1. Against the definition (under 30 Å from ASN360 (Cα atoms) and surrounded by fewer than 24 Cβ atoms within 10 Å (Cβ to Cβ)), how does GLU98 come out, yes or no?
2. When the range 443-456 is examined, which residues are found to be farther than 16 Å from ALA120 by Cβ and either open to solvent by 10 Å² or more (accessible area, probe 1.4 Å) or outside any helix (DSSP H, G or I) (or both)?
3. State whether the residues of the range 320-335 include one that is farther than 12 Å from GLY383 by Cα and touching a Phe, Trp or Tyr at 6+ places or on another chain (Cβ under 8 Å).
4. Among the listed residues LEU257, LEU250, which satisfies the condition of being within 30 Å of ALA157 (Cβ to Cβ) and either open to solvent by 30 Å² or more (accessible area, probe 1.4 Å) or in contact with a strand residue (DSSP E or B) (Cβ under 9 Å, 6 or more places away or on another chain) (or both)?
5. Tally the residues that are in contact with a Lys or Arg (Cβ under 9 Å, 6 or more places away or on another chain) and surrounded by fewer than 17 Cβ atoms within 10 Å (Cβ to Cβ), restricting the search to the range 216-237.
6. Residues to consider are SER182, SER170; find the one that is away from the ligand (no atom under 16 Å from the Cβ) and of a type in the set (S, T, N, Q).
7. Residues that are in contact with a Ser or Thr (Cβ under 8 Å, 6 or more places away or on another chain) and small (Gly, Ala, Ser): list the helices (runs of 4 or more DSSP H) wholly contained in the range 22-111 that include at least 3 such residues.
Amino acid sequence: MYTSLEHYINGNWVKPSGDKSQDVMNPATSKPIGQLGHVSRGDLDNTLAAADNGFKQWRKVSAFERGKILRKAADLVRARTDEIAKVLTQEQGKVLMEAKLEVASAADIIDWYAGEGQRAYGRVIPARADGVRNLVIMEPIGPVAGFSPWNFPVTQAVRKVAASLAAGCSIIIKCPEETPGSPIGLVRCFHDAGLPAGVLNLVYGVPAEISEYLIPHPVIRKVSFTGSVPVGKHLNALAASHMKRATMELGGHSPVLVFDDADVAGAAKMMGAFKYRNAGQVCISPTRFFVHEKVYDDFVGRFVDIAKRTKVGDGLEPDTRMGPLANPRRINAIEAFVADAEEKGAKVEAGGKRIGNQGNFFEPTVLTDVPDTARIMNEEPFGPVAVMLRFKETDEMLERANKLPYGLASYAFTKDAKTAGKVADALESGMVTINHMGLALPETPFGGVKDSGFGHEGGTEGLQVYMQAKFVSHLG
Ligand code: NAD
């Protein structure tokens with residue numbers, strides 16, 4: 001299905017010279033669809049030299065000119081949406097419509113950063129002496145090492161790429177080996193838009209070998225990782241020991257608060273669709289549903305109905321609403337979460353089982369009566385499982401919602417402005433959205449607190465993480 005799976009180094013599409021390679025699988029069929037070569041140490045050295053030179057050139061290109069190239073890349077992404085989305089569905093599993101939306105939103109992200117790069121203003125600080133000018137100048141931080149995951153292979157990569165390029169940085173991005181084709185399609189758009197050689201580089205290989213070589217390397221000035229909490233902690237420690245700045249977009253375990261005055265039908269419809277989007281493999285996926293006892297039965301009944309009606313299948317089939325999990329590891333993980341919860345007394349109200357033995361299909365699942373000691377109450381499930389919990393007292397429920405070390409996204413449904421204000425203040429999470437799905441737009445900051453990481457992607461904040469302030473004081 002792939003035309004080729006090449007790496008992109010110093011402006012050239014190359015066959016990597018590593019001695020290992022791996023099969024790329026279609027998660028809907030469990031059949032190989034391509035062979036991905038791994039980068040060698042020598043290739044990485046070439047990539048680092050390219051990123052170093054690329055940065056020296058690119059930082060001198062005006063933000064205005066950089067913006068023109070980025071906008072051209074965005075136009076190419078739009079024109080190639082269908083082509084890239086089809087590859088994305090076949091290698092990752094998500095429903096084709098979701099894949100198209102992901103690629104379309106990548107184009108919007110590039111466009112937004114093209115403009116934001118031109119607004120990377122510094123400041124002038126009033127001086128204490130006549131003739132002195134105190135300037136704060138925003139400079140690009142330098143070559144970036146980016147590591148993006150397989151759940152949104154296009155948008156997770158483009159958030160790092162577009163923001164670093166708009167800031168004037170060069171970037172080496174290691175995209176997910178499981179889903180290499182769609183990031184290649186994305187990077188081709190930058191290449192074809194006329195991005196100078198070395199500014200953007202794309203490699204694949206053994207993640208730990210690449211991160212352990214790139215992060216400490218003196219050329220690299222900034223690290224950006226999206227993935228699991230344990231890997232994020234490890235990479236952040238590595239970056240810190242080499243005094244590299246880092247952005248960490250890690251996992252979540254999102255609470256959803258449904259109050260007794262909420263639009264219960266609307267909340268169930270919105271959250272039911274969102275829970276099973278990308279088969280729940282979303283870091284901001286709603287997982288712990290705290291539902292007020294007065295509306296619990298109504299909400300859970302509606303949600304279970306949605307779960308049972310969600311048609312699971314190959315993402316290329318037009319009537320599929322949820323595709324397979326991206327890899328067999330996720331099936332094993334979700335089976336273990338459900339078995340552990342059941343053992344501890346949970347009830348399976350919908351789903352709970354793997355479907356067939358070809359493709360990584362799992363039923364959209366709803367659990368009730370889950371005790372706090374169940375693993376799923378404490379670890380990110382990263383799959384199509386919703387946990388329903390009853391509450392009566394708001395303060396006690398907020399304490400439970402905040403109990404976990406995660407703090408990425410939270411959702412609440414209430415018609416009362418005072419309650420909305422209270423939960424917005426009290427929730428320990430980087431993002432809170434109330435009565436609608438208002439997260440993850442190009443212009444809004446996306447990021448977590450606590451173990452969910454730090455730094456932002458999206459919004460003005462997402463550009464700033466690739467810049468540093470230089471203070472210049474000038475007399476005369
Ligand atoms: P994992 O922890 O092995 O890998 C997660 C991601 O990190 C993958 O993209 C992987 O290629 C990368 N990675 C792993 N070790 C690395 C290293 N030493 N250096 C650089 N990159 C490295 O887990 P997995 O089985 O691939 O994914 C499952 C877990 O990952 C989920 O439970 C979820 O918590 C997390 N995850 C989170 C996101 C997110 O959007 N925050 C995305 C994908 C996966």
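The values are calculated or read from the model by the stated rules, or taken from the named source; none is laboratory data. Note that the structure is predicted; figures quoted are calculated from it, not measured. Every residue, glycine as well, gets a Cβ built from its backbone with ideal geometry; the counts of neighbours run over all protein chains shown. Surface accessibility is based on the protein's heavy atoms, side chains included, excluding ligands, DNA and RNA. Shrake-Rupley method; radii C 1.70, N 1.55, O 1.52, S 1.80 Å.
1. Details: under 30 Å from ASN360 (Cα atoms): yes; surrounded by fewer than 24 Cβ atoms within 10 Å (Cβ to Cβ): yes.
So GLU98 fits the description; yes.
2. Keep residues of the range 443-456 that are farther than 16 Å from ALA120 by Cβ, which gives 444, 446-455.
Correct list: THR444, PHE446, GLY447, GLY448, VAL449, LYS450, ASP451, GLY453, PHE454, GLY455.
3. yes
4. On the way: LEU257 fails: within 30 Å of ALA157 (Cβ to Cβ).
None of the other options fit; the residue is LEU250.
5. Matching residues across the range 216-237 total 1.
6. On the way: SER182 fails: away from the ligand (no atom under 16 Å from the Cβ).
Checking each option against the conditions leaves just SER170.
7. Details: elements: 41-58, 63-79, 81-92.
The helices (runs of 4 or more DSSP H) meeting that bar are 41-58.
Yes/no matrix, rows are residues, columns are (1) within 16 Å of the ligand (Cβ to nearest atom); (2) without any contact (Cβ under 8 Å) to a residue 24 or more places away in the chain:
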site: ASN332; (1), (2): yes, yes
site: VAL348; (1), (2): no, yes
site: ARG354; (1), (2): no, yes
site: GLY359; (1), (2): no, no
site: VAL366; (1), (2): no, no
